[in-house]
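Every read-out reported here was derived from the displayed coordinates using simple, explicitly stated rules and does not represent laboratory data. None of these values were measured; they are calculated from a predicted model. Virtual Cβ from ideal backbone geometry, glycine too; neighbours counted across all protein chains shown.
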């Protein structure tokens with residue numbers, strides 16, 4: 001369900017809208033799943049990077065209770081860092 005939440009946060013809609021796509025690509029890691037969805041929907045790399053950063057900021061905001069914008073610099077600087 002985490003991948004569904006990530007996709008819905010990045011691309012809109014409800015998490016359940018992405019269930020079939022996630023199930024069809026269950027062997028992929030989360031970032032690989034998001035990137036594959038972006039590629040299939042003609043999202044350029046720069047736009048994908050920004051959507052991914054925004055999703056990560058939202059995830060941190062939910063976890064720690066600060067506004068998502070307060071994490072932007074950290075996430076941009078540590079873009080390649082794997083989060084759980």
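Along the Cα→Cβ direction, 7 angstrom out, place labels at residue 63 and residue 2. What is the inter-label distance in nm?
0.9 nm
Where does helix 45-64 land angle-wise versus the long Cα axis of the chain, in degrees 0 to 90, nearest 10?
Computed tilt is about 60 degrees.
Taking 8 Å as the Cα distance limit and 6 or more residues as the minimum spacing, I'd like the relative contact order of the chain as a percentage.
Numbers: 56 pairs, mean separation 17.9, N = 84.
It comes to 21 percent, rounded to a whole number.
Take the Cα of residue 20, step 7 Å along the line toward its Cβ, and report every residue of segment 37-51 whose backbone nitrogen sits under 13 Å from that point.
Backbone N within reach: none found.
Give me the one-decimal Kirkwood hydrodynamic radius in Å for the chain, with the sum taken over alpha-carbon pairs.
Details: mean 1/r = 0.0764 Å⁻¹.
Hydrodynamic radius (Kirkwood, Cα only) of the chain equals 13.1 Å.
Exposure proxy check: 74, 64, 48, 21 ranked by fewest other beta carbons within 10 Å?
Values: 74 12, 64 9, 48 19, 21 15.
Taking fewest neighbouring Cβ atoms as first place, the list is 64, 74, 21, 48.
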